[in-house]
Amino acid sequence: MPEDAASRRRFYAVESDESPRDNRIEDFLSLVEGYAADPIRTHLERTTEMTEADRTTIALMLALQERRTPFGIAQAGKAVEQFGREQMAALAHDPRAFAEMWRKSAPDRSSPADIEMARLEVLAIATEGRLHLRNQREQGLLTMMDGWLLAAETLDLMHWHLLRPAPGIEFIQNDQGVARPDASMRFFPLAPDACLLVCEGSRSLSIHGSTPQGTIEANLAIYGWAERFIFGRARKALTNTHAAAKRASHRG
């Protein structure tokens with residue numbers, strides 16, 4: 001149910017040296033969302049009054065929105081694990097580099113035969129899928145935070161289109177909070193009557209009313225980027241988008 005999907009408590013809690021359930025990341029996310037609430041309200045209701053500080057705050061929130069989803073965190077954790085596996089394999093493929101590393105870290109002065117045996121075992125662990133991070137989710141959360149400010153700066157420097165839906169149609173929302181049809185653009189659904197399109201171009205802001213087809217295309221992008229759920233104020237918006245997605249798949 002959507003109610004269940006939106007109420008997973010302590011999702012961003014991690015295990016740290018100080019606590020088995022460290023909520024500092026979760027508290028930080030709430031803090032950013034709280035600071036962004038008023039700027040987003042200004043952006044939606046009095047767009048021309050939005051200040052540079054408002055835009056920067058919104059960009060910070062959007063960057064977190066794009067990186068914080070369960071799917072995004074899981075993918076980041078898998079990427080960290082895969083990177084570690086590849087680094088280990090690369091080291092184990094080089095007998096000389098591996099022996100040098102082994103001698104620096106092993107004080108027992110292992111024989112060349114022992115070192116070679118260890119190298120082959122490490123290579124097998126790295127290449128046979130036997131290396132797994134116990135804290136993959138925590139690593140994903142840390143990766144989410146790493147580079148967050150740079151991601152926000154990138155979003156801030158892009159062109160922002162505040163889209164309004166066609167009469168009688170509303171924007172839907174997904175459980176990712178974002179849709180990325182390609183690397184050059186993102187849809188951030190903000191409300192049933194507002195969707196922020198961030199795309200490549202000079203740093204500026206414009207307001208556009210969507211055609212019925214334009215609203216449908218935006219909703220299809222949002223629908224396509226849902227991991228498990230879509231949400232809407234009106235059931236009609238959800239059923240119409242689902243029907244449009246089925247028609248598009250048949251045409252494809």
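Rule-based calculations on the coordinates, nothing more; no lab input. Bear in mind that the values here come from a model prediction, so they are computed numbers and not experimental data. Neighbour counts run over all protein chains shown; Cβ positions are idealised from the backbone, glycine included.
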Expressed in angstrom and rounded, the centroid-to-centroid distance over alpha carbons for region 90-120 and region 179-252 is 54 Å
As straight-line cross-link partners of LYS236, the qualifying lysines (C-alpha separation under 23 Å, not fewer than 8 residues apart within one chain) are LYS246
So for R0 = 22 Å, FRET eff. of GLU45-LEU157 from the Cβ-Cβ r, to 0.05, ends up at 0.35
Of region 104-134, those with amide N under 17 Å from the point 7 Å along the Cα→Cβ vector of GLN82 are 126-133
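What does the extension gain come out to for ALA166 and ARG103, with contour length at 0.36 nm per residue minus their alpha carbon separation?
Numbers: separation 63, 0.36 × 63 = 22.68 nm, distance 6.86 nm.
So the chain would gain 15.8 nm between ALA166 and ARG103.
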Length gained, ARG134-SER206, 0.36 nm per residue minus C-alpha separation, equals 21.3 nm
